[in-house]
Amino acid sequence: MHPVNVKLPDLAILLKRKQYKLILKITSGLAINDHQYFHSQLYHFRALAESGKFVSASRHCKKLIPVMPSDHGLYPIFQAWNIFLELFVTERNNFKEVFESLGENECTEDQTLKALTCYLQSRVISFAMAVGSWPQNAINHAITLMQVAADTYLRSDDLIEYGSAIKSIALLYSSNNIADIPKAILCLQQLLPISAHPDNLYFTTTVQLSLLILENQAAFDTGCFVDQNKNDQRINELIRQFLIAGHPLGEADVKFEWGVLLLEYGYEKGMPFLFNSIELYDKYGEFSNRQSAWKKMADWYERRGQAEEADNAYRESAKVDTHIELEMTGAIQAIMEIHHAFMAKPEREAVRLGRFYLNKYKDSRIAPQLRALLANALSQGAGKTEALEHFEAIVDYYQGSSPSSFLSDALFNYSNALFSVDPVAAKNAALKAIDIAFELKDYISLGKYFRELALHLSQQKKIAPLLVGANEIEDTFRKAHDSFAHVQTLKARIEKFNAIQQLGNYYFNERQFDKALNCLDQAREFYHSNNLRINSAFVLSHIGLLKFEVARTNRIPSLLLEAATDFAKSAQDFIQINGHRFSWKSTLLEAQSIAEYASLYTVGELAELNYERAQTCFLRAANVVDYLKGLQQIVLSKYDEQFTHVDGFSGLPADFNKVFTGAFKAAYYGRKRADLALEWVERNKSRRLQTELWRTSDIFAPVDMAYVPGFEELRKMLVAYQLDFSTEKMMFCEFFILDQTIILFLIRPEWSGPKYFTLAVQSDEIGRAVTALINDPIANENMTIALPLIQHILNHSDRDDLLYIIPHGFLHQLPFHMIDVGQGEYLIQRNPVAYLPALSILYHLQNKSKAKEGKVAVKFAVFGNSREDLQFSEDEAIYVSTLLDSDCYLRNGVDKDTFIKELANSSVVHFAGHAEAKPVKGLDQHLLLAGLESISASELMLIRNDLELLVLSGCQTGITAIEVTTDEIIGFPAAALTAGASAVITTLWKVEDKSTRQFFKYFYESFRNRKLSKIRSMQYAMKALIKNPEYEPFNWAPFIFTGR
């Protein structure tokens, strides 16, 4: 295939040694009139192609053909390569066209051209199969063509190209499509006599290396004895031969190939080989295999749950990217862009890109991959119907050819998406995928299909048990196990025992505890013996969960303690493996086990000791949850999925709440300790703020507002707080909703402990009334239904006592001050009322107040009508600025920079304008500023300030988001207090302009001129409006005072 009279270094040998950079260096700069020019350029573009630069190779080839004489001996060779390289540039599904174009050279008398034609046609078939355009059984034709190429090269005495063709045949035999390792070995063995010549030492060594890998792979697959000492001797001999052959990089190749094989079959001894190969590749500047080695090591660490080591390996792999010049066509770049968008979240960006690129490359051969990425992104959101259409289109695309792994995968992905819509049709699609995988002997895919089908059936059984056969789920899990058992790689064995583990979970859900324990014990033994520590820790927690359920059902104290021990060991293992990322779950379950154990001893010292022990465990779990949420590390990973099929433990964020509610129950119902119970209420209410504070710890130290004081420390603070208002008597009223029950804690600074009451109310009924009030405050302003919420408050407080209301859940939307306390009197007329997101917030506000002592509130700033569409808000701003004699910013003057500057430098800021209310997350609430600018609650929380008062007189600025899974409350009030403001006034519904002006007239007159406290000024303003028959609760009740 290459001319024998070339006087340049033997480029064919350099090509086989993968010394592509050297070839490019040698072949560059030659003049076109040089008689060796075209001979050298043949290897120039082949070096480009072999190193993955197909676009550059095609461009180089196209540039040469027009200037080459048509009667030149290499002209048809260049033409053939040009046709082949077109595959990598156009991205069209033109495999048949390219194959037939190459076939026009079949009858040529030129043996070199004939061999090249068969060689390239074989590669076309392999490429077409790799992207799913041709059926998998076409591999036999690829082997036949490559054999013809090899025989032709042999007759031409071109031993280098002959050896390359035979190695390609061995590679085809060892591929997943055939997986006939013995035939691959026979192919390579026939090369040994031919390559025995001393001049072929490099080639001989590469053949012997391939044989070493394949022979050991066959031994591992069949369970035969492997003589490691003999293998070590062969490896050392191969390295010696490469060095003699003048190829020092060969030592790195030997260690890389051997290390990869050992890791693939679960032998940790492969790691030192990969480390050594990386050092050598680094020394000689070979980056591709160096990157592959890091990725293999990262995968090994990840399987064992060594997250830090895995992350380091992935980082090292990423560093190599800068040295690897990959050439990607537009469609490939589109796939990567969509994938990155999907991984980065949210899915809507991936959906947008997917639709755009699918339309652009709809005729490309990678359109199915683009469609699959788009379908996956759609299925994560609200586009499940469209996703199904795309999955179905992918199935139709691959059904046009013979059975392939692409078709089976397409069918199974379609089945997964269809199960929630039509389980019968989904099951039929899954069975078709299983039939194809069985026909192809693709046992790994077959096992995965069976396992996923079993999981779908177990979910379906809960919804429609008649659609699932009596033993169908169990049989399907066992078929998954048997399929994986056909393959002996470590990955396949992990999958096999994962199927056993999930069968155990199924038995657990079916209350077949003996069978479940047997399966889980098998899985744990395998994971433990293979040092798969994270899998082992998960299974141990599942075993503990099983014991916990049996013990709780049958009231077996000793088994509860066994469960607690398993959970404790699991948590310890998680911490040793990768820090705290998963330990909180096991610690929570340990706490629940001990609390359940304590509940069996309802009185006495033993019960108290065990409740105390449970509390300690709950505290550990809570600390871990707070820490991880602060670092934003709690996510659904592939390991969390193992929990999703165990009833009662989903592994979803809703489980975080179990830490806090479990601890509360142990303290409140078990120990009868209202003070401890209240501490857990405070921790629960404060944790969202803690998360945001840790997230922004460069501004707020974690010891700042993230700190949640204990009850005794809180009580001392309340005493000091009351002393600051020597004439005030005050009471703090904290609510907590638990399982439809509303619990009320009452605290006075002079009391030694809180009083607590379980309220005789229906929380769902009150919740509906609150929702109706917020949606239509005029029609639903009669809130007598809420009187039972404050009856104990009325009984334990005197008229004119200052009341602090600390709501929970939907009660944050209830204006307690508008509740009718009897005889037509509202609570605000009886008592001044203020609100707090959590009692511990006051602790921090009190500390900030001490820091502000000596500072005089002298600067006011007023903003209004930022979007120029609310004339009444402009009127309000002008009116308030006149009252305060302050700066007034209107319309375009309400820009973001000015607003932020005044927040940081003023004592009182008053904003009258638009706000976006009721977001999914409270910190996403926005105040709308001039133009298209806005400021969110999350941004507000980062603007450190010393505000005495922030007034947000916008539409529903007091509506705080309630996260359904956790009852965490946060919005403008909590964000402003966190940033430094002492108090915030917000609104629960859209306020009427005339009454708003009157309200603030009374408020500011009282606050500035009468020198009343801010809370008393709020009461004064509301009472003034109540006295005016022109105004209803709708006019004065939406104003909420939060803070100090």
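The values are calculated or read from the model by the stated rules, or taken from the named source; none is laboratory data. Here the structure is a predicted model, which is why all the values come from computation and not from measurement. All Cβ positions, even for glycine, are placed from backbone atoms using ideal geometry, and neighbour counts span all protein chains on display.
Quick notes
- Boolean, Gly1043 is in contact with a strand residue (DSSP E or B) (Cβ under 6 Å, 6 or more places away or on another chain) and touching a residue at least 24 places away in the same chain (Cβ under 8 Å): yes
- Members of region 951-980 that are of a type in the set (A, V, I, L, M, F, W, C) and either at pLDDT below 70 or more than 35 Å from the chain's Cα centre (by Cα) (or both): Val951, Leu952, Cys955, Ile959, Ala961, Ile962, Val964, Ile969, Ile970
- Note on region 68-90: residues that are in contact with an Asp or Glu (Cβ under 9 Å, 6 or more places away or on another chain) and outside any helix (DSSP H, G or I) amount to 1.
- Candidate set: region 914-939, residues that are assigned to a helix (DSSP H, G or I) and not hydroxyl-bearing (Ser, Thr, Tyr); chosen: the one modelled with the lowest pLDDT: Gly922
- Within region 792-818, the set of residues being in contact with a strand residue (DSSP E or B) (Cβ under 9 Å, 6 or more places away or on another chain) and of a type in the set (S, T, N, Q) comprises Ser797, Gln813.
- Evaluation of Phe1041 against the conditions (1) at pLDDT 90 or above; (2) part of a helix (DSSP H, G or I); (3) crowded, with 19+ Cβ neighbours inside 10 Å shows that the sole unmet condition is (2).
- Lone unmet requirement of (1) touching a Leu at 6+ places or on another chain (Cβ under 8 Å); (2) in contact (Cβ under 8 Å) with a residue 40 or more places away in the chain; (3) not in a helix (DSSP H, G or I) for Asn105: (2)
- Filter result (surrounded by fewer than 19 Cβ atoms within 10 Å (Cβ to Cβ) and touching a Lys or Arg at 6+ places or on another chain (Cβ under 6 Å)) within region 161-197: none
- Here region 59-106 is the region considered, the condition is being among the polar types (S, T, N, Q) and modelled with pLDDT under 85, and the residue that is farthest from the chain's Cα centre (by Cα) is Ser70.
- Asp800 of a type outside the set (Val, Ile, Thr), assigned by TED's automatic domain parsing to the domain that holds Arg748 and at positive phi: yes
- Checklist (1) buried (at least 17 other Cβ atoms within 10 Å of the Cβ); (2) modelled with pLDDT under 75 applied to Arg371, failing item: (2)
- Every listed requirement among (1) without any contact (Cβ under 8 Å) to a residue 40 or more places away in the chain; (2) in contact with a Leu (Cβ under 8 Å, 6 or more places away or on another chain); (3) of a type in the set (Phe, Trp, Tyr) is met by Phe275 save one, (2).
- If you go through region 483-492 and pick out every residue that is touching a helix residue (DSSP H, G or I) at 6+ places or on another chain (Cβ under 7 Å) and assigned to a helix (DSSP H, G or I), you end up with 4.
- Within region 374-387, the set of residues being surrounded by fewer than 19 Cβ atoms within 10 Å (Cβ to Cβ) and of a type in the set (A, V, I, L, M) comprises Ala382 only.
- Test: Tyr414 is of a type outside the set (Asp, Glu) and in contact (Cβ under 8 Å) with a residue 40 or more places away in the chain: no
- Among the residues making up region 997-1034, those that are among the basic types (Lys, Arg), in contact (Cβ under 8 Å) with a residue 24 or more places away in the chain and closer than 23 Å to Asp885 by Cα are Arg997, Lys1001, Arg1008, Lys1014, Arg1016.
- Within region 301-316, the set of residues being modelled with pLDDT under 85, out of contact with any Asp or Glu (no Cβ under 7 Å at 6 or more places or on another chain), crowded, with 18+ Cβ neighbours inside 10 Å and not in a loop (DSSP other than H, G, I, E, B) comprises Glu302, Arg303, Ala307.
- Tallying residues that are surrounded by fewer than 22 Cβ atoms within 10 Å (Cβ to Cβ) and in a strand (DSSP E or B) within region 858-888 yields 2.
- Those residues of region 322-339 which are at pLDDT 70 or above and either surrounded by fewer than 18 Cβ atoms within 10 Å (Cβ to Cβ) or under 20 Å from Phe275 (Cβ atoms) (or both), in sequence order: Gln333, Met336, Glu337
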